[in-house]
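Novice: Have a look at this one.
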Amino acid sequence: DVSRFRLVFSSIQQLKEAFDELKAMDAFEIIRLKNKFLDPDILGYSNISLNLLYKLPDGSTHICELELHLNEFLKAKEMSHQLNKNIRSEILRLVKGGDSEIVDQIVEFLIEELRIPRFESIAAIMGEPKLNYTPW
């Protein structure tokens, strides 16, 4: 992405307050939102990812991505990256260097089988944001 920004918060309350402030700003229009607190990954990682439309003074528009993270989740995600690489390598070894598409299917299957909702309380605090999506 040309314009990707990351804001990191020490509490879910701080993250929610920032999200609420963004929704209230006239300078941006939220054109896409992923609330991963409602669907955490296998290790429980969650964040909010937004695509924002910004109107420049000359009338043109710019789209940027803004990610809202919890500090502890971000640290855990960075540590788990190597674990994910190791798992994928081991699957490749077990299927004797097989087709990467098959490996992707195995990884996807394992993730879905192991998925456990862990952060219902965070999802309840955040709510399920609804957007009126208007393509640009």
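The values are calculated or read from the model by the stated rules, or taken from the named source; none is laboratory data. On a predicted model such as this, the values are computed, not experimentally measured, just so you know. Positions of Cβ are generated from backbone atoms using ideal geometry, with glycine treated the same way; all protein chains shown enter the neighbour counts. Only protein heavy atoms, including side chains, enter the accessible area calculation; ligands, DNA and RNA are left aside. Shrake-Rupley method; radii C 1.70, N 1.55, O 1.52, S 1.80 Å.
Novice: Within the stretch 63-81, track down each residue that is open to solvent by less than 80 Å² (accessible area, probe 1.4 Å) and closer than 21 Å to residue 18 by Cα. Break it down into steps so the answer makes sense when it comes.
Specialist: Just the residues of the stretch 63-81 that are open to solvent by less than 80 Å² (accessible area, probe 1.4 Å), to begin with: 63-71, 73-74, 76, 80.
Hits for the stretch 63-81 are 63, 64, 65, 66, 67, 68, 69, 70, 71, 73, 74.
Novice: Right, another one. Could you check, for the stretch 46-58, whether at least one of its residues is within 17 Å of residue 8 (Cα to Cα) and either basic (Lys, Arg) or over 17 Å from the mean Cα position of the chain (by Cα) (or both)?
Specialist: Checked the stretch 46-58: no residue is within 17 Å of residue 8 (Cα to Cα) and either basic (Lys, Arg) or over 17 Å from the mean Cα position of the chain (by Cα) (or both).
Novice: Does the stretch 1-48 hold any residues that are assigned to a helix (DSSP H, G or I) and of a type in the set (Asp, Glu), and which are they?
Specialist: Taking the stretch 1-48 as the starting set, the residues that turn out to be assigned to a helix (DSSP H, G or I) are 12-24.
Within the stretch 1-48, 17, 20, 21 meet the criteria.
Novice: Okay, next question. Considering the stretch 82-113 alone, what residues qualify as being open to solvent by 100 Å² or more (accessible area, probe 1.4 Å) and either farther than 30 Å from residue 15 by Cβ or at pLDDT below 70 (or both)?
Specialist: Step one: filter the stretch 82-113 for residues open to solvent by 100 Å² or more (accessible area, probe 1.4 Å), giving 85, 93-94, 96, 101, 105, 108-109, 112-113.
If the condition is that a residue be open to solvent by 100 Å² or more (accessible area, probe 1.4 Å) and either farther than 30 Å from residue 15 by Cβ or at pLDDT below 70 (or both), then 93, 94, 96, 101, 105, 109, 112, 113 are the ones that fit.
Novice: Do we have residue 11 as open to solvent by less than 20 Å² (accessible area, probe 1.4 Å) and under 17 Å from the mean Cα position of the chain (by Cα) here?
Specialist: no
Novice: Any residue in the stretch 1-25 that is more than 10 Å from residue 70 (Cα to Cα) sitting within a Cβ distance under 7 Å of a residue that is modelled with pLDDT under 90? List the pairs, counting only those 6 or more apart or interchain.
Specialist: 16/125; 16/126; 22/28
Novice: Return the total of residues in the stretch 34-57 being of a type in the set (A, V, I, L, M, F, W, C) and closer than 15 Å to residue 5 by Cβ. Spell out the reasoning first.
Specialist: Narrowing the stretch 34-57 to residues of a type in the set (A, V, I, L, M, F, W, C): 37-38, 42-43, 48, 50, 52-53, 56.
Next cut, closer than 15 Å to residue 5 by Cβ only: 48, 50, 52-53.
Final tally of qualifying residues: 4.
Novice: Go through 50, 38 for me and flag whichever is in contact with a helix residue (DSSP H, G or I) (Cβ under 9 Å, 6 or more places away or on another chain), on the phi < 0 side of the Ramachandran plot and without any contact (Cβ under 8 Å) to a residue 40 or more places away in the chain. Spell out the reasoning first.
Specialist: Numbers: 38 fails: without any contact (Cβ under 8 Å) to a residue 40 or more places away in the chain.
Sole residue among the options that is in contact with a helix residue (DSSP H, G or I) (Cβ under 9 Å, 6 or more places away or on another chain), on the phi < 0 side of the Ramachandran plot and without any contact (Cβ under 8 Å) to a residue 40 or more places away in the chain: 50.
Novice: Next up: Considering only residues that are at pLDDT below 90 and not acidic (Asp, Glu), look in the stretch 26-35 and name the one that is nearest to residue 69 (Cα to Cα). I'd like the intermediate steps shown before the answer.
Specialist: Going through the stretch 26-35, the residues at pLDDT below 90 turn out to be 26-28.
Narrowing the set further to residues that are not acidic (Asp, Glu) leaves 27-28.
Values: 27: 22, 28: 19 Å.
This residue is 28.
Novice: Looking at the stretch 54-83, I want the residues that are of a type in the set (D, E, K, R) and have a partner that is at pLDDT below 85 and surrounded by 10 or more Cβ atoms within 10 Å (Cβ to Cβ) with Cβ atoms under 9 Å, at least 6 apart or on another chain. Which pairs are those?
Specialist: 77/41; 77/43; 77/45
Novice: Here's something else I'd like to know. Being in a helix (DSSP H, G or I), modelled with pLDDT under 55 and aliphatic (A, V, I, L, M) is the filter here, so list the residues in the stretch 114-132 that pass it. Break it down into steps so the answer makes sense when it comes.
Specialist: From the stretch 114-132, those in a helix (DSSP H, G or I) are 114, 120-126; that's our starting set.
Filter once more, keeping what is modelled with pLDDT under 55: 120-126.
Answer for the stretch 114-132, where residues must be in a helix (DSSP H, G or I), modelled with pLDDT under 55 and aliphatic (A, V, I, L, M): 122, 123, 124, 125, 126.
Novice: Since residue 30 meets every condition but one in (1) more than 25 Å from residue 72 (Cβ to Cβ); (2) open to solvent by less than 20 Å² (accessible area, probe 1.4 Å), which condition does it not meet?
Specialist: Single failed check for residue 30: (2).
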